[in-house]
1. Is at least one residue of segment 67-77 among the β-branched types (Val, Ile, Thr), in a strand (DSSP E or B) and touching a residue at least 60 places away in the same chain (Cβ under 8 Å)?
2. Surrounded by 14 or more Cβ atoms within 10 Å (Cβ to Cβ), more than 30 Å from residue 24 (Cβ to Cβ), in contact with a strand residue (DSSP E or B) (Cβ under 9 Å, 6 or more places away or on another chain) and touching a residue at least 60 places away in the same chain (Cβ under 8 Å): does that describe residue 124?
3. Checking residue 266 against (1) touching a Phe, Trp or Tyr at 6+ places or on another chain (Cβ under 8 Å); (2) without any contact (Cβ under 8 Å) to a residue 40 or more places away in the chain; (3) buried (at least 20 other Cβ atoms within 10 Å of the Cβ); (4) farther than 20 Å from residue 216 by Cβ, which single condition isn't satisfied?
4. Within segment 79-94, can you find the residues that are not polar (S, T, N, Q) and not in a loop (DSSP other than H, G, I, E, B)?
5. In segment 130-187, which residue that is in a strand (DSSP E or B) and hydrophobic (A, V, I, L, M, F, W, C) is farthest from residue 7 (Cα to Cα)?
6. Output yes when any residue across segment 66-86 is closer than 30 Å to residue 287 by Cα, at pLDDT 95 or above and buried (at least 16 other Cβ atoms within 10 Å of the Cβ), and no when none is.
7. In this structure, is residue 171 assigned by TED's automatic domain parsing to the domain that holds residue 230, over 18 Å from residue 300 (Cβ atoms) and either modelled with pLDDT of 95 or more or not basic (Lys, Arg) (or both)?
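The values are calculated or read from the model by the stated rules, or taken from the named source; none is laboratory data. Quantities reported herein were computed from a predicted structural model and do not represent experimental measurements. We place every Cβ from the backbone using ideal geometry, glycine too, and count neighbours over all the protein chains shown.
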Amino acid sequence: MDTIKRRYDISPYYEGWFQLGWSRDLARGQLKKVRQFGTTYTMFRGEDGIVGVIDDICPHLGAHFSEGGCVRGNAVRCPYHNWSFARDGRCVDIPYSTKIPVKARVVGHTVAERDDMIFMYRSANGGPPKTPLPRIENFDASEFCAPERYEFSIRIHGQDIMENSVDGPHFMAVHRHSLPEFVFREDQGSLRVSQQMSVARFGTTIDFRLEFHLVEPGFHYVHFPKLPGTTALVFSSIVPIDEEYTSHRMTFFVKKTSVPGWSQVVRRFLIWQMMKTYREDMRIWENKEYQSHPVLCDGDGSIIKLRRWFAGFLDPKEPALPGPTRLPISSGVG
């Protein structure tokens with residue numbers, strides 16, 4: 001019998017907090033199907049305004065809540081027999097029964113909202129969050145213009161997307177930028193990366209400084225502290241869809257300025273520049289092969305540093321990254 005070879009020999013799934021969507025896209029009394037981590041969930045907002053995420057399959061006779069179900073009060077009602085389930089997964093109503101079976105429950109997941117984004121915590125063993133939802137440092141959404149939002153579904157592992165951000169030589173080869181300079185610093189399990197680079201645009205050279213804070217694969221962001229006349233921040237959440245595809249959600253924030261319209265000008269340029277390079281990368285990402293033991297040179301040290309950090313979030317029940325994965329971030333090639 002032929003077997004399908006997995007594209008990666010590391011786990012397709014990893015742990016932590018992950019953005020499932022944007023708050024403004026989920027109204028009171030609305031539910032949505034969310035497919036992540038090889039399964040489907042029902043995400044809904046109760047009449048009290050609080051978001052819940054539960055496993056999508058009714059334990060009664062297997063109907064999917066997201067296919068015809070609805071929100072009643074603060075619970076999801078199954079479309080098949082109208083059993084209702086609360087945010088914690090308990091069945092709270094069966095309209096034709098006076099007794100609710102003890103096993104009438106689904107898995108309810110830990111959810112949090114912040115900065116117009118909806119997050120869910122996910123662990124390999126289904127346990128409670130190891131840490132509370134992280135915060136974006138020194139960030140007040142009211143100081144920024146209305147954000148621009150993007151979502152992509154890409155045939156790639158999340159590690160490859162994050163690895164790409166610190167792969168300096170590819171910025172020259174693929175995007176025709178200067179060779180970036182990187183400085184790495186480990187900070188209580190997160191990774192801080194400073195990047196200095198320049199881009200030739202509009203007949204001149206534009207210098208950029210980027211400050212990455214990689215808290216978790218599903219929660220990281222980059223500051224642009226020295227844009228002309230303002231600053232910007234891009235929040236990213238990289239969420240596995242299944243063993244082949246990854247969802248990448250990005251939210252672009254540009255700080256308000258006293259000059260009318262200037263923030264919008266900067267935002268348009270920043271998004272144009274980032275989306276241009278992103279789409280150039282996507283063509284390579286979706287067709288590349290993963291190398292667990294890549295042949296590296298002395299300019300490739302950033303890749304190994306990123307892989308070692310990412311390995312700490314991979315599901316423990318799945319194959320781990322070959323070779324030493326718990327060395328200090330500062331070790332490795334380069």
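1. Scanning segment 67-77 turns up no residue that is among the β-branched types (Val, Ile, Thr), in a strand (DSSP E or B) and touching a residue at least 60 places away in the same chain (Cβ under 8 Å).
2. So residue 124 passes the test.
3. Tallying (1) touching a Phe, Trp or Tyr at 6+ places or on another chain (Cβ under 8 Å); (2) without any contact (Cβ under 8 Å) to a residue 40 or more places away in the chain; (3) buried (at least 20 other Cβ atoms within 10 Å of the Cβ); (4) farther than 20 Å from residue 216 by Cβ, residue 266 fails exactly one: (1).
4. 85, 86, 90, 91, 92, 93
5. Residue satisfying both the conditions and the ranking: 144.
6. no
7. Taking the combined requirement at face value, the residue does not satisfy it.
Okay, residues lined up against (1) in a helix (DSSP H, G or I); (2) farther than 14 Å from residue 152 by Cα:
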position	(1), (2)
214	no, yes
250	no, no
267	yes, yes
278	yes, no
281	yes, no
